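What follows draws every value from the coordinates through simple rules; no lab data is involved. Not measured: the values here are computed from a predicted model. We place every Cβ from the backbone using ideal geometry, glycine too, and count neighbours over all the protein chains shown.
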Amino acid sequence: MRQKTSSTSEYLAFLSAKYEVDPDRLFYALVLAEESKKSVCGGLSIEWRGETRDKVMFLILTKSKVVAQLSVFKEFLLEKGHPIRDFMETDKIRRFITKRARQSSGLQIRDLRSGMAQVCLKAKVLEIPKPSLVYTRYGNYASVANALIADESGTIRLCLWNEQIQSISTGDTIQIENARASTFKGQRQLNIGRKGFLSSVAESSCQVKALISS
C-alpha cells in the first residue's frame, strides 16, 4: 500500500510543480474536495467524481481543461505531515524544475508578471533602503528591505530578508535564481523563497540604462 501512495504523492508533486501551486495547499484541496465535492487551489479546481470502498476519484482542471483524472486511496487522504511536499525533491521533479528554470533564464524585468515562479535573471542593485524590523506570521522578528534592482528593460523591488540584506551591496550585479514575482500594494516585486538563490556576480552584459529620472 505504501508504494501505491508514494506513487500518488510523486504524481501530485509533479502537478504541484507544473501548475505552480503549493503542495500542502494541493493536498488540503483534495481533502476538502472529498468532503465538499469541489475545491480550488491556485489555478486548479478539483472535483469529487465518486468513490469505492478504499478509493476516491478526482477530476483536476485548469479553467475548463482537464489536467488529470486520478484515484486516490482514502488512506492517503488521512496522512499527516506533508505527503506531497515530501516528494518535491525527487529526481523527476528536480529535473522538471531545473529545465523550466533554464527556459525562463532569458527573462527580463519587463517580462515579469505577478504569479510567475522559478524566475531567473541578472540585474543591477540600484539601492538598498534601511531594513525594517517586522513581526512575522511564524511568531518571530525579522529584518526586511525592499531593494531596487534594474536591467536594461526596467526596475523592480527585490524583497530581502535577514542575511540576504548583507549578502549584496548597492552597485552589485546580482544573479537571482528560482524567485517568484508578486504584487504588493500595487507594486511589482520579486521574492526569494527557501529554494531560491541570490549571489553577486562579475560585471558582464548587464547594462542598466537611466531608468529613473530625477
Listed residue pairs exceeding 28 Å between alpha carbons, taken from LYS37/LYS185; LYS37/LYS65; LYS38/LYS80; LYS18/LYS124; LYS63/LYS124
LYS37/LYS185; LYS18/LYS124; LYS63/LYS124
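Quick one: order THR62, THR183, THR173 by neighbouring beta-carbon count within 10 Å, fewest to most.
Ordered by Cβ neighbours within 10 Å, fewest first: THR183, THR62, THR173.
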What spacing in nm lies between the two simple spin-label points modelled at ARG188 and TYR141, each 7 Å away from Cα in the Cβ direction?
3.5 nm
If I model a spin label as a point 7 Å beyond the Cα along the Cα-Cβ vector, how far apart are those points for ASP24 and GLN175 in nm?
3.1 nm
Taking only C-alpha pairs under 8 Å that are 6+ residues apart, what is the relative contact order of the chain in percent?
14 percent
Crossing angle, helix 91-103 versus the chain [Cα axis fit, 0-90 degrees, rounded to tens]:
40 degrees
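So for ARG113, ARG25, fewest C-beta neighbours within 10 Å to most, what's the order?
ARG113, ARG25
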Between region 28-84 and region 127-145, how far is it from one alpha carbon centroid to the other, in angstrom?
37 Å
For ALA68 and ASP111, compute 0.36 nm times the residue count separating them, minus their Cα-Cα distance, and round to one decimal in nm.
12.5 nm
Give, as a single signed number, the net charge of other residues whose beta carbon lies under 11 Å from the beta carbon of GLN69, with Lys and Arg counted +1 and Asp and Glu -1.
0
Between TRP161 and LYS195, what is the label-to-label distance in nm when each label sits 7 Å out along the Cα-to-Cβ direction?
1.5 nm
If we count other beta carbons within 10 Å of each Cβ, what is the order of PHE96, PHE184, fewest first?
PHE184, PHE96
